[in-house]
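One structure is given below, encoded as structure tokens.
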Amino acid sequence: MKKVTFRSLGVIKPILDSLEKQNIITPTEIQAKTIPLILEGKDIIGGSKTGSGKTLAFSCGIIKKTTHRKGIQSLVLVPTRELAEQVGNAIRKFSKFEKMDTVKVYGGVSIERQIRDLKSADIVVATPGRLLDHINRNTIRLDRVRLLVLDEADMMLDMGFLRDVEKIIQAIPKRRQTLLFSATVDGDIEHLEEKYMRNPVTVSVEQFVDSSKLSQRYMDVTSKEKFSLLVHLLKKEKTGLIMVFCNTRRNTDFVAKNLQSNGIQSVAIHGGLTQSKRKQILDDFHKGKTYALICTDVAARGLDIKDVSHVYNYDVCKDAKQYIHRIGRTARAGKDGKAITLLSERDHEDFSKIMRVNEDLEFEERPHFKQAEITFRPSGRRGGRFNHSRSGRPSRRSNAQRPRSNSNHSHISNSSRHQRR
Ligand code: ADP
Ligand code: MG
């Protein structure tokens, strides 16, 4: 069989040059299957495991279809600010050898600069909230858009952005190509498909993570001892970078601060921090300046960080889909990785749902470990079911001590509204 190359898929020369520079040589399966269809102008619904290069797949269509200084012709919607940064930067890299202005639009940063940049934008990568803001202020023209990408569409809808996304779609021309990428295709995604896409082709590639590269384990531990076990594991298995997932902002702060006082370099990241802070934390982590990133799902979805060797689930996530997204932060680009879930009594019910659909999970006996010191107690209100309150009594502290929410994350769906992420 003839070898598939980016050239044989029809990728244009300037992108080929950029790929060569980045040492990206062989197309992934989702790229091989979607790029020709995207270049043909077909509407696509694409699903594949995280880290399989979906950004490049749709960038090939965007860069080919977009001409410099002809107004905004391509629009990419993403659920989080971090993804807007990441995807925007990726498109800039892929279009390095073609004159093109890619503008990133998201909340938490000055709108003035965006208003200026939008005047000469060819491609826009945006979160729904801030984009609507521009639409309402009349600071963006979308009448030239011919290509719309909905990236991580399922997360966008999980975060309650459906109405915003619909308003945005209604503001762009009907004659366009629409590409939708999502881990799962059901419910609201089907609604979007029926209402806003033209005979879409569904391309689905193996959704799960490569089990030969990623080992998935779980350990039983009491909630009282969970933190001590985490300290033990982080000290024992020092290899690449580490991500620890919690379900609430409050837990990320609790874990990060106490890891610090146990001599483990760690930083918490969640939706309650300012955008510049979140960016700085991620930059430091990318560069390897921070060893352990303690994060909520919102702050970590879709992020492409090299050399994450371990993902820990300190809190169990609410569904199997979220679990896949978390563990997909490791074992990327052909490297090995480990995902370890720490289960206490109250996590069993949620975890059994994950176990049911995941055959690669293996039980591991917890090692012997010493009691770690807990210097910082959780602050703020009770953060839902996964908290550290030993007595289980509600904390007396008031809401005033909670971190302020930011506009982008005020669109949290009903199911998760009780937990700030
Ligand atoms: P996804 O959106 O599917 O989760 P990304 O688009 O974020 O994945 O890509 C993950 C990483 O893989 C990026 O760093 C990207 O540069 C890299 N990459 C993309 N395509 C290839 C390829 N064909 N070969 C090697 N690396 C690739
Ligand atoms: Mg992606």
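The values are calculated or read from the model by the stated rules, or taken from the named source; none is laboratory data. Quantities reported herein were computed from a predicted structural model and do not represent experimental measurements. Cβ atoms come from the backbone with ideal geometry, glycine included; neighbour counts cover every protein chain shown. We work out accessible area using only protein heavy atoms, side chains counted, and drop any ligands, DNA or RNA first. Shrake-Rupley method; radii C 1.70, N 1.55, O 1.52, S 1.80 Å.
Taking Cα centre as origin and charging only the Cβ of basic (Lys, Arg, +1) and acidic (Asp, Glu, -1) residues, the dipole magnitude of the chain rounds to 1500 debye.
Dipole magnitude for the stretch 234-365: about 700 debye, using +1 per Lys or Arg Cβ and -1 per Asp or Glu Cβ, origin at the Cα centre. Each other residue within a Cβ distance under 15 Å of LEU118 adds +1 if Lys or Arg and -1 if Asp or Glu, for a net charge of +4.
Using only Cα coordinates, the Kirkwood hydrodynamic radius of the chain works out to 22.3 Å.
Place +1 on the Cβ of every Lys and Arg and -1 on the Cβ of every Asp and Glu in the chain, take the dipole about the Cα centre, and give the residue among ALA339, VAL105, GLN177 whose Cα lies farthest towards its positive end. Of the listed residues, the answer is VAL105. Relative to the Cα centre, the charge distribution of the stretch 167-245, modelled as +1 at Lys and Arg Cβ and -1 at Asp and Glu Cβ, gives a dipole magnitude of about 420 debye.
Report, as a whole number in µm² per second, the diffusion coefficient that Stokes-Einstein gives for the stretch 318-383 at 37 °C and 0.692 mPa s using the Kirkwood radius over alpha carbon pairs. Diffusion coefficient, whole number: 222 µm²/s.
3J(HN,Hα) along the stretch 180-194: 10, 10, 7, 6, 9, 10, 7, x, 5, 5, 4, 4, 4, 4, 5 Hz, from the Karplus curve 6.51 cos²θ - 1.76 cosθ + 1.60 with θ = phi - 60°, whole Hz, x for Gly and Pro.
Rolling a 1.4 Å probe across the protein heavy atoms gives the stretch 235-319 an accessible surface of 32 Å² per residue. Mean sequence separation of contacting Cα pairs (under 8 Å, at least six apart), scaled by the length of the stretch 8-100, corresponds to a relative contact order of 37 percent. Rounded to the nearest Hz, the phi-derived 3J(HN,Hα) couplings of the stretch 145-150 under the Karplus curve 6.51 cos²θ - 1.76 cosθ + 1.60 (θ = phi - 60°) are 5, 10, 9, 10, 10, 10, where x marks glycine and proline. Think of the chain as having a plus end and a minus end, set by charges on the Cβ of Lys, Arg, Asp and Glu; of SER48, PHE351, GLY129, GLY129 sits farthest toward the positive end of this dipole. Derived scalar couplings between HN and Hα for the stretch 272-277 equal x, 8, 5, 4, 5, 5 Hz in order, rounded to whole Hz, by the Karplus curve 6.51 cos²θ - 1.76 cosθ + 1.60 (θ = phi - 60°), x for Gly and Pro. Build a GNM of the chain with springs between Cα atoms under 10 Å apart, and of SER120, SER266, SER182 the one that fluctuates most is SER120. Simple rule: put +1 on each Lys or Arg Cβ and -1 on each Asp or Glu Cβ in the chain, find the dipole, and look at VAL145, LEU19, MET219; the Cα lying farthest toward the positive end is VAL145. The orientation-averaged projection of the convex hull spanning the C-alpha atoms of the stretch 13-204 amounts to 9.8 square nanometres. Heavy-atom accessible area with a 1.4 Å probe sorts ARG329, ARG92, largest first, into ARG92, ARG329. Once R0 is set to 22 Å, what does the formula 1/(1 + (r/R0)^6) return for the Cβ-Cβ distance between ASP143 and ILE111, expressed as a FRET efficiency to the nearest 0.05? According to the calculation, E is roughly 0.55.
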